Amino acid sequence: MMQYFEWNLPNDGNLWKQLKEDASHLHEIGVTAVWIPPAYKADEQQDEGYATYDLYDLGEFDQKGTVRTKYGTKEELKEMIDELHKNHISVYLDVVLNHKAGGDFTEKFIVVEVDPNDRTQALGKPFEIQGWTGYSFHGRKDKYSDFKWHWYHFSGTGFDDAKKRSGIFQIQGEGKAWSEGVDNENGNYDFLLCNDIDLDHPEVVTELNRWGKWVSKELNLDGMRLDAIKHINDQFIKHFLEAVRAERGDRFYAVGEYWKNDKESLDEYLAQVEYQVDLFDVPLHYHMFQASQKGRDFDLSTLIEGTLVADHPDLAVTFVDNHDSQKNSSLESQVKDWFKPMAYGLILLMKEGYPCIFYGDYYGVKGKKSPHRLILDILLDARRRYAFGEQHNYFDHPNTVGFTRTGDTEHPGSGLALLISNGEDGHKTMAVGQHHRGEYWYEITGNRKEEVMIDEKGEGTFPVSGGKLAVWVKR
């Protein structure tokens, strides 16, 4: 899949049109799904969509001073999805169900301020605040839904308008509590920002399930990317997906963003939701980030140890970077440029995992062209032509590792050998299968000029240049 946005796109309303025009090219390079940004009205037009205002306004109504979103109008959005489907590309919408922003009016209610580092600890007695928790969506005039949001539909808020003061304010009232089934960082990580949606409130659950079914049908979606799920009651997510799939079918795809470099937490989450959702392989991302930082001091033999793709290959979405890890973002952990070709070689050519390419790495950031597009095109071409058959791993050296794919009969000429080095020039004798004996193989990225002959045992001794990747295929 491709994540078709980055954090710094211009607020020009052109993304849906651009993606529509790009559909046939994406199909040609082997992209089979796109993850699109939040497509509904945010608190202001320039927002990326994560400061969610009205989930039902897909760029159709005059609200928050604009009809279109940052990315375009609803009509353009639907035309784009039709074009992607014509090109056999699935569409996954970024779905933000944790919080709302940009309320229409203030309300008074009772809260307890809690310790940001331990949200289970109150900092004093209950008191009254004024918060922007009222949502009337007057521009939409009840079209699609007449549900109105009030303070009691939220479990917490981040701003007291009366005193113009920020904090973490837990809303008090009957049945009010932070959700269970969230990450235990900071005591309880239910609250993230803005108005924290109470996903234990029956009216809220009914309305969001209804919206999930509506938006999936309205846009003819193939799946969803679920934002910030470590802050969301895990059972809500499980039942939300059950509700949507009851209408859209069991093949309706879902991947969750549980941003934590701790595989045990991810294992536990998958078990809680009964393996109904894929997860981004955050541990693998951090391994690649650390490898890019440490250079030859990083032990490459550990690169895929303790990752989702190693233990849950069918549930892991592998990625190098995304909008959250890119430079100047909240979870900045951008993989350095020298290591990116190796990182993408790994995720695009390995048998396991569902690789995700980041828009910024393919098209560039802030309008500057990406230095990685050429190597990505080479690797995407290699994935389509050669990355088939069984995989044999050679993660047996701290500075030179690799794997082979043996190819299969359905793809004549398929099979490959990948090596990466973070130290000096290296080489490795690797098996590609006896059916390849006598063949001559060459390196497709241009980093090596010699040829390798596959011997009687089906093995070749493949070289790699220091600090580079090498991808070897049959000439």
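The values are calculated or read from the model by the stated rules, or taken from the named source; none is laboratory data. Quick caveat, the model's predicted, so the values are computed rather than measured. Here the Cβ positions follow ideal geometry from the backbone for every residue, glycine too, while neighbour counts run over all protein chains shown. For accessibility, only protein heavy atoms count, side chains too; no ligands or nucleic acids. Shrake-Rupley method; radii C 1.70, N 1.55, O 1.52, S 1.80 Å.
The mean sequence separation of alpha-carbon pairs under 8 Å and at least six residues apart, normalised by the residue count of the stretch 177-286, gives a relative contact order of 25 percent.
Relative contact order for the chain using alpha-carbon pairs under 8 Å, separation at least 6, rounded to a whole percent? Mind showing how you got there, number by number?
Working: 1083 pairs, mean separation 50.5, N = 475.
It comes to 11 percent, rounded to a whole number.
The amide H of Ser414, built 1.01 Å from its N in the peptide plane, has Asp408 as neighbours under 5 Å, considering only residues 5 or more places off or on other chains. Each of Gln334, Tyr189, Tyr50 was scored by the projection of its Cα onto the charge dipole of the chain, and the greatest displacement toward the positive side belongs to Gln334; charges sit on the C-beta of Lys, Arg, Asp and Glu. What's the angle, to the nearest 10 degrees (0 to 90), between helix 282-294's Cα axis and the longest principal axis of the chain? Computed tilt is about 60 degrees. The long axis of helix 373-385 is offset from the longest Cα principal axis of the chain by roughly 70 degrees.
A protection proxy built from the mean count of other Cβ atoms within 10 Å ranks the segments 94-107, 188-201, most packed first, as 188-201, 94-107.
Between the helical axis of 263-272 and the longest alpha-carbon principal axis of the chain there is an angle of about 60 degrees.
I need the calculated FRET efficiency for the pair Asn117 and Glu218, taking r as the beta carbon distance and R₀ as 51 Å, to the nearest 0.05.
On the way: r = 41 Å, r/R0 = 0.81.
According to the calculation, E is roughly 0.80.
With the charge dipole of the chain set up from +1 on Lys and Arg Cβ and -1 on Asp and Glu Cβ about the Cα centre, the Cα lying farthest toward the positive end among the listed residues Val114, Leu221, His88 is that of His88. Look at the dipole of the chain built from charges on Cβ: of Phe137, Gly167, Ala23, the Cα furthest out on the positive end belongs to Ala23.
The alpha-carbon positions of the chain define a convex hull whose volume is 142 Å³ per residue. For the stretch 317-333, putting each phi into the Karplus relation 6.51 cos²θ - 1.76 cosθ + 1.60 with θ = phi - 60° gives couplings of 9, 8, 8, 9, 9, 8, 5, 7, 8, 5, 3, 6, 9, 5, 10, 3, 7 Hz, in residue order, rounded to whole numbers and with x for Gly and Pro. List the lysines whose Cα lies under 22 Å from the Cα of Lys20, skipping any in the same chain that are fewer than 8 positions away. Reachable lysines: Lys41, Lys70, Lys74, Lys78, Lys86, Lys217, Lys366, Lys368, Lys369.
Take each of the peptides 414-425, 257-268, average the number of other beta-carbon atoms within 10 Å over its residues, and list them starting from the highest. Intermediate values should be presented prior to the final figure.
Values: 414-425: 22.7, 257-268: 17.2.
Packing proxy ranking, top to bottom: 414-425, 257-268.
Using the heavy atoms of the protein chains and a 1.4 angstrom probe, tell me the accessible area per residue for the stretch 7-104 in square angstrom.
Values: 3270 Å² over 98 residues.
Per residue, the stretch 7-104 has an accessible area of 33 Å².
Look at the alpha carbon pairs under 8 Å that are at least 6 residues apart: their mean separation over the length of the stretch 24-96 gives a relative contact order of 37 percent. Dividing the helix sum by the residues of the chain, where each DSSP H run of 4 or more adds -39500 (n - 2.57), gives a mean residue ellipticity at 222 nm of -7500 deg cm²/dmol.
Magnitude of the Cβ-charge dipole of the stretch 353-475, K/R +1 and D/E -1, about the Cα centre, nearest 20 debye? It would help to have the intermediate numbers written out before the result.
Working: 16 positive and 16 negative charges, 132 e Å.
Computed about the Cα centre, the dipole is about 640 debye.
Residue ranking by accessible heavy-atom surface, 1.4 Å probe, largest first, among Ile378, Ile232 comes out as Ile378, Ile232. Each peptide among 340-347, 85-92 gets the average number of other Cβ atoms lying within 10 Å of its residues, and from highest to lowest they stand as 340-347, 85-92. By a 1.4 Å probe calculation restricted to protein chains, Leu374 has an accessible surface near 130 Å², given to the nearest 10. How large, in percent, is the carbon and sulfur part of the accessible surface of the chain at a probe radius of 1.4 Å? That fraction is 46 percent.
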